Amino acid sequence: MNGDMRFGKIGKFSPRFIGPFEILDRVGTLAYRVALPPNLAGVHNVFHVSMLRKHMANPSYVLKFKPLQLFSNLSYEERPIQILDKQEKRLRNKVTKLFRVKRLKHSDEEATWKAETEMRTRYLELFGTP
């Protein structure tokens with residue numbers, strides 16, 4: 001493979017800028033120390049001012065927080081609440097039905113495809129009465 005690996009992408013698909021990150025302090029006259037997330041622990045956290053760009057706040061980037069009911073082991077159940085779509089997937093001589101399901105505490109855009117066998121065994125109430 002040609003090209004270097006930067007931030008999970010290779011070559012021209014590598015993002016030009018990542019962030020936003022909080023500026024912790026000024027180091028010298030033209031450098032800043034930045035608070036980086038743990039997944040970037042191998043990256044030096046001091047950057048020259050020419051490497052930084054001003055972040056333009058966008059209200060659509062604000063995350064909507066919904067509290068979760070956590071179990072004692074700090075996990076929670078992602079329960080499907082609605083079937084949005086269905087399709088059939090053909091693999092050689094086998095036909096599998098898939099359902100696009102919306103999960104509790106998630107938006108329609110975050111819906112995922114699940115196999116009919118799993119859905120009917122675990123969440124029969126979503127199919128109504130036979």
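The values are calculated or read from the model by the stated rules, or taken from the named source; none is laboratory data. All values derive from a computational prediction rather than experimental measurement. With ideal geometry, Cβ positions are generated from the backbone for all residues, glycine too; neighbour counts draw on all protein chains shown.
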**Report entry** Filter result (assigned to a strand (DSSP E or B), of a type in the set (A, V, I, L, M, F, W, C) and either in contact with a Lys or Arg (Cβ under 7 Å, 6 or more places away or on another chain) or not assigned by TED's automatic domain parsing to the domain that holds residue 84 (or both)) within the range 94-119
**Finding:** 98, 99, 101, 113
Query raised in the report: Mind checking which residues of the range 14-47 are at pLDDT below 90, more than 26 Å from residue 59 (Cβ to Cβ) and touching a Leu at 6+ places or on another chain (Cβ under 7 Å)?
Result: 43
Report task. Go through (1) in a helix (DSSP H, G or I); (2) modelled with pLDDT of 80 or more one by one and return the number of the condition residue 82 breaks. Result -> (1)
Query - Residue in the range 83-111 that is nearest to residue 69 (Cα to Cα), counting only those that are exposed (fewer than 13 other Cβ atoms within 10 Å of the Cβ) and within 16 Å of the chain's Cα centre (by Cα) - result: 107
